[in-house]
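Visitor: Sharing a structure, written as structure tokens. Questions coming.
The values are calculated or read from the model by the stated rules, or taken from the named source; none is laboratory data. Bear in mind the structure is a predicted one, so any value in this text is a computation, not a measurement. Here the Cβ positions follow ideal geometry from the backbone for every residue, glycine too, while neighbour counts run over all protein chains shown. Remember, those area values only see protein heavy atoms, side chains included, never the ligands or the DNA or RNA. Shrake-Rupley method; radii C 1.70, N 1.55, O 1.52, S 1.80 Å.
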Amino acid sequence: MDMLNNADFWIGLVKIVWINIILSGDNAVVIALAARSLPPEQQKKAIMFGSGAAVVLRIVLTVVAAKLLELSFLQVIGGCLLLWIGYQLLTGGDEEEGESKGTGSMVAAIRTILIADLVMSLDNVIAVAATAQGNMVLLILGLAISIPLVIFGSTLMIKLMERFPVIITLGAALIGWVGGETIVNDNLLHGYTMAHPWLHYVAAAAGAVLVVGLGKFMQARGAKQEAAA
């Protein structure tokens with residue numbers, strides 16, 4: 001109880017919640033993209049389970065993130081995964097139709113959310129861990145409070161995507177951008193990237209262009225095949 005009377009505890013908690021608000025924007029986009037094609041009831045479950053599991057994953061990841069970031073090729077692999085996820089979310093992946101589009105699709109959406117959040121959180125959790133300064137109660141509480149923020153953001157993004165479909169393309173571009181950033185942030189390329197700061201933005205832009213360009217090309221190709229059939 002002494003902790004609750006400590007001003008530093010509450011200041012730290014506010015900092016962590018604020019950091020999560022800032023850093024959870026891209027995660028909300030991923031969750032919205034992954035869940036947008038599900039029926040409304042499935043959407044709610046996918047958002048709740050995906051957001052909750054992602055926050056638990058962040059807590060675990062925070063403990064080992066600093067060590068993980070020292071491994072070469074890890075962020076290259078993670079960045080490539082994000083590029084693939086962005087492409088899949090833009091094109092709709094292998095969506096199932098009719099009665100079969102249910103539990104399987106929801107599980108696939110949750111899996112996509114977890115994989116994307118795992119990769120996108122590698123850098124983010126370090127900022128949260130630094131703010132918590134080793135206080136696990138503060139860390140867990142701060143991340144737990146962020147769950148409704150992510151859920152609200154994801155729900156809002158789905159509604160906006162339904163009204164403004166261009167947001168889907170922008171969301172996929174964002175994932176591609178983060179994917180490109182993640183690749184050049186790998187420990188293997190760190191020295192070269194530090195010597196050439198412009199590479200960070202070039203790689204991020206290339207990731208966004210690759211995801212959107214390839215996704216749009218495959219969408220147009222699919223539309224032509226449907227028209228010819």
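Visitor: In terms of solvent-accessible area of protein heavy atoms at a 1.4 angstrom probe, what is the ranking of HIS196, HIS190, highest value first? Display every interim value, and only then the final one.
Guide: Numbers: HIS196 60, HIS190 95 Å².
The most accessible residue leads, giving HIS190, HIS196.
Visitor: Just to verify a number: what accessible area does TYR201 come out at with the full protein assembly present, 1.4 Å probe, Å² rounded to tens?
Guide: Number for this one is 140 Å².
Visitor: What residues have an amide H closer than 5 Å to that of ASP186, excluding those fewer than 5 places away on the same chain, when H is modeled at 1.01 Å from N in the peptide plane?
Guide: Here nothing satisfies the definition.
Visitor: Also, I was wondering about something else. Rolling a 1.4 Å sphere over the protein heavy atoms, what is the accessible area per residue of segment 142-229, to the nearest Å²?
Guide: Details: 5140 Å² over 88 residues.
Ligands and nucleic acids excluded, the result is 58 Å² per residue.
Visitor: I've got another one for you. Sorting check: for 46-57, 146-157, which peptide has the highest mean count of neighbouring beta carbons within 10 Å, and how do the rest follow? Intermediate values should be presented prior to the final figure.
Guide: Values: 46-57: 20.6, 146-157: 18.8.
Result, highest mean first: 46-57, 146-157.
Visitor: What whole-number distance in Å separates the alpha-carbon centres of segment 143-158 and segment 182-229?
Guide: 27 Å
Visitor: Sticking with this one: With all protein chains present and a 1.4 Å probe, how do LYS15, LYS224 order by accessible area, largest first? It would help to have the intermediate numbers written out before the result.
Guide: Working: LYS15 110, LYS224 150 Å².
Solvent-accessible surface, decreasing: LYS224, LYS15.
Visitor: Something else: What ³J(HN,Hα) values, in whole Hz, does the Karplus curve 6.51 cos²θ - 1.76 cosθ + 1.60 give for segment 209-220 when θ = phi - 60°, with x put for Gly and Pro?
Guide: So the Karplus estimates, Gly and Pro as x, are 5, 4, 5, 5, x, 5, x, 5, 4, 5, 5, 5 Hz.
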